Amino acid sequence: MSANAGTVPEVVPSSSLIPAGAKFPKAAKVALGMPQMRANLAHATGTIREKRAKVAGELDDWEQLRDAASAIKADVQHRMPELAIEFERKATEAGATVHWARDGVEANAIAARITREAGADEVVKVKSMATQEIELNEFFEAQGLRAWETDLAELIVQLAEDKPSHILVPAIHYNRTEIRDIFRGKMIDAPTGLTDDPAALAEAARLHLRKRFLSAKVAVSGANFAVAETGSLVVVESEGNGRMCLTMPETLISIVGIEKLLPTFTDLEVFMQLLPRSSTGERMNPYTSIWTGATDGDGPKDVHIILLDNGRTDVLADEVGRQALSCIRCSACLNVCPVYERTGGHAYGHVYPGPIGAILAPQLEPGRHDDLPYASSLCGACYEVCPVKINIPEVLVHLRQEGPHQAGEKAAMGAAKAVMARPKLWRAALGAARFFTRPWRNKGYMRRLPWPGSKWTVSRDMPMPPQESFRDWWKERER
Amino acid sequence: MSAREDILNRMRRSLEGAGEAAEAPREYRRALAGDTEVVELLIDRLVDYKAQVHHGIESIADILDEGQPVVVPADLPQEWRVGEAIFIEDDPLDPEPMDADDLDAMDAVLTGCAAAVAVSGTIMLDTGAAQGRRAITLVPDHHVIVVRRDQIVGHLAEALPRLSATSPQTWISGPSATSDIELQRVEGVHGPRRLDVVILDD
């Protein structure tokens, strides 16, 4: 129990309000009923959009960088077996132990085994989407091991017993006052009289984790890039928690999706310009760590790399969909998405929310998340900001086509096709539609159609048919 | 079948008929415009990210207080150890090198660097000459970095060839910071909260 407990308003974890396994339309409706979260998201995404646009605008070769990044990633996908083997060879020569994991369970089991063999029952963690994806923390807990998140936002989410709602800033749905309340309620050693000044909150996190960093035996990380040519891993961060985890412990376990490969060290000249500007809107993030195997007298002696598939090789098979594997997890697409800004990340029901999640989740876990490709208005803002030029709208439409379609929808589309193909019938249908919707004419839209049209209006308004069709208007004009 | 073979086979199966990707176009910049004042640009960017900038080796005497324990790599030039601070050498090949608690007792660390990128205000360490191992530049709360004029380049692409690619690297752009609260940058979390950069003109 914290000394402050009892006097602090309890912050309800937002993810707990969304029913488990709810499809997007239902989950989004719940999320839309959380005004504080919507305000927090609007504020945070607004801030970052402005910063990103400014620093991307400073580079007059931004489009050339995007073109290069997109092509390099396409090349990685086409040469993935060769590059993975090259990476493994170079990393091994440099003293790392490389493991391969078909899925999350295999990766978690390897990580847990290494942790135990190192004589530890806990690990410190660098923020990593791969370990979120495979639920490493939950696996460790079930095995009697403990994983401590050290990134500030991850720490907030872990203390709040919530789930991440954003790829880069998992606690984006909380404002500073809520974060202070979470610290005061849940952080054992929260300083008394803690204010909601962000600097004070950062200081509290520093004090909370410092001892743990200096005494940790094992760290778990992901990686932003894996350089095949040299066998190096790259971690991009801000706070220094990454450096702590990557430098201080004796044993380091890095779990790396196979799509993170880059062919050469020189390729970093492209990606390290694009990533920080697209993610936090900085010209460069405060800290980037690059390491190659183990180094005598510097950092962890026992260095492990787990190359993770977990559905990625299946995504690779889809000619249109495989571009989702180019993602560098900057989250610029979340920050510009009108849907994400209003629903937040939890409504997506997957560790990857927002536009990139809407194309990654259904591909990584086929048959689940078929609702997500519809969680978009196809406005295209995500494609425009994507630093690696993933054509997200194209993949969304592709996945909608590939996904399941209910019999009712097929019948309705068939009927519409038959009517639209016959001009007379179409004209008559429009006339009938105008007649039957007269009561709503002044409102301009209908909120709910009677069944079976209600299936359409459950998440959309139905616009009124125009009072005069284009054909009638043209005819009138010709006279 | 091992997981390795299985995954590699799945990759190959998924790529059947995919052919080769087109060669990546590399029409982006690899240097700044020739007339860019890189030192001024570097200073501007460092200050923007709340680092303090100083000129000349004598300024170290003012940055570090009298009697402060300051860790330095064993190969740090003697002429950089100016002022009244107590300079303590770290030698990683020492049979009993300083441990985390020893480093935590240091007030500051003084090192050189491998390269500095003006356009992003980034200083790069690759554990080469005068830089020491990674832990010494991480644990103390105050990092003083000496940058020679000839180590400053304009663009990231000019800096990469100067680094030892396979040595442990740390690229530093300002002091430790976070954007995790309402996406506003706040200085000071786990890394050194104070960053002083000393620029040595030729």
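The values are calculated or read from the model by the stated rules, or taken from the named source; none is laboratory data. Owing to the predicted nature of the structure, the values given are computational and were not obtained by experimental measurement. Using ideal geometry, Cβ is built from the backbone for each residue, glycine included, and neighbour counts are taken over all protein chains shown. Only protein heavy atoms, including side chains, enter the accessible area calculation; ligands, DNA and RNA are left aside. Shrake-Rupley method; radii C 1.70, N 1.55, O 1.52, S 1.80 Å.
Restricting the first member to the range B:1-26 and to residues that are of a type in the set (Asp, Glu), and the second to residues that are part of a helix (DSSP H, G or I) and open to solvent by less than 50 Å² (accessible area, probe 1.4 Å), the beta-carbon pairs closer than 6 Å and six or more apart or on different chains are B:Glu20/A:His78. If you filter the range A:12-39 down to residues that are within 14 Å of chain B (Cβ to nearest Cβ) and more than 14 Å from A:His346 (Cα to Cα), you find that the one that is most open to solvent (accessible area, probe 1.4 Å) is A:Gln36. Somewhere in the range B:28-45, is a residue without any contact (Cβ under 8 Å) to a residue 60 or more places away in the chain, surrounded by 11 or more Cβ atoms within 10 Å (Cβ to Cβ) and of a type in the set (Val, Ile, Thr)? No, because not a single residue in the range B:28-45 is without any contact (Cβ under 8 Å) to a residue 60 or more places away in the chain, surrounded by 11 or more Cβ atoms within 10 Å (Cβ to Cβ) and of a type in the set (Val, Ile, Thr). When the range A:47-106 is filtered for residues that are aliphatic (A, V, I, L, M), facing chain B (nearest Cβ under 8 Å) and under 26 Å from A:Gly321 (Cα atoms), the ones remaining, listed by number, are A:Leu65, A:Ala68, A:Ala71, A:Ile72, A:Ala74, A:Met80, A:Ala84, A:Ile85, A:Ala101.
Counting only strands (runs of 3 or more DSSP E) wholly contained in the range A:82-152, the ones carrying 2 or more residues that are open to solvent by less than 40 Å² (accessible area, probe 1.4 Å) and in contact (Cβ under 8 Å) with a residue 60 or more places away in the chain occupy A:96-101, A:122-125. Scanning the range B:77-133 for residues that are more than 18 Å from A:Met244 (Cβ to Cβ), in contact with a Cys (Cβ under 8 Å, 6 or more places away or on another chain) and assigned to a strand (DSSP E or B) gives B:Ile123, B:Met124.
Exactly one residue out of A:Ala199, A:Ala171, A:Ala205 is under 28 Å from the mean Cα position of the chain (by Cα), surrounded by fewer than 17 Cβ atoms within 10 Å (Cβ to Cβ) and within 9 Å of another protein chain (Cβ to nearest Cβ), and it is A:Ala199. Among the residues in the range A:457-473, are any modelled with pLDDT of 85 or more and touching an Asp or Glu at 6+ places or on another chain (Cβ under 6 Å)? Scanning the range A:457-473 turns up no residue that is modelled with pLDDT of 85 or more and touching an Asp or Glu at 6+ places or on another chain (Cβ under 6 Å).
Of everything in the range B:77-95, what is under 17 Å from B:His142 (Cα atoms) and within 19 Å of the chain's Cα centre (by Cα)? Give them in sequence order. Give the steps one after another, and end with the answer.
Within the range B:77-95, the subset under 17 Å from B:His142 (Cα atoms) is B:80-90.
Those that are under 17 Å from B:His142 (Cα atoms) and within 19 Å of the chain's Cα centre (by Cα): B:Trp80, B:Asp90.
Look at A:Pro338 and say whether it is at pLDDT 95 or above, open to solvent by 30 Å² or more (accessible area, probe 1.4 Å) and over 13 Å from the mean Cα position of the chain (by Cα). Taking the combined requirement at face value, the residue satisfies it. If you go through the range A:40-66 and pick out every residue that is over 27 Å from B:Val119 (Cβ atoms) and open to solvent by 20 Å² or more (accessible area, probe 1.4 Å), you end up with 2.
Note on the range A:375-479: enclosed helices (runs of 4 or more DSSP H) holding 2 or more residues that are open to solvent by less than 60 Å² (accessible area, probe 1.4 Å) and among the aliphatic types (A, V, I, L, M) are A:381-385, A:392-402, A:407-420, A:423-436.
Can you find even one residue in the range A:247-258 that is surrounded by 24 or more Cβ atoms within 10 Å (Cβ to Cβ), more than 11 Å from chain B (Cβ to nearest Cβ) and in a helix (DSSP H, G or I)? No, there is no match, as no residue in the range A:247-258 is surrounded by 24 or more Cβ atoms within 10 Å (Cβ to Cβ), more than 11 Å from chain B (Cβ to nearest Cβ) and in a helix (DSSP H, G or I).
Contact map, the range B:81-98: residues that are more than 14 Å from chain A (Cβ to nearest Cβ) and within 19 Å of B:Gly56 (Cα to Cα) paired with residues that are assigned to a strand (DSSP E or B) and of a type outside the set (Asp, Glu), Cβ distance under 7 Å, separation 6+ or inter-chain. Pairs shown: B:Arg81/B:Val72; B:Arg81/B:Phe87; B:Ala85/B:Val70; B:Phe87/B:Val70; B:Phe87/B:Val72.
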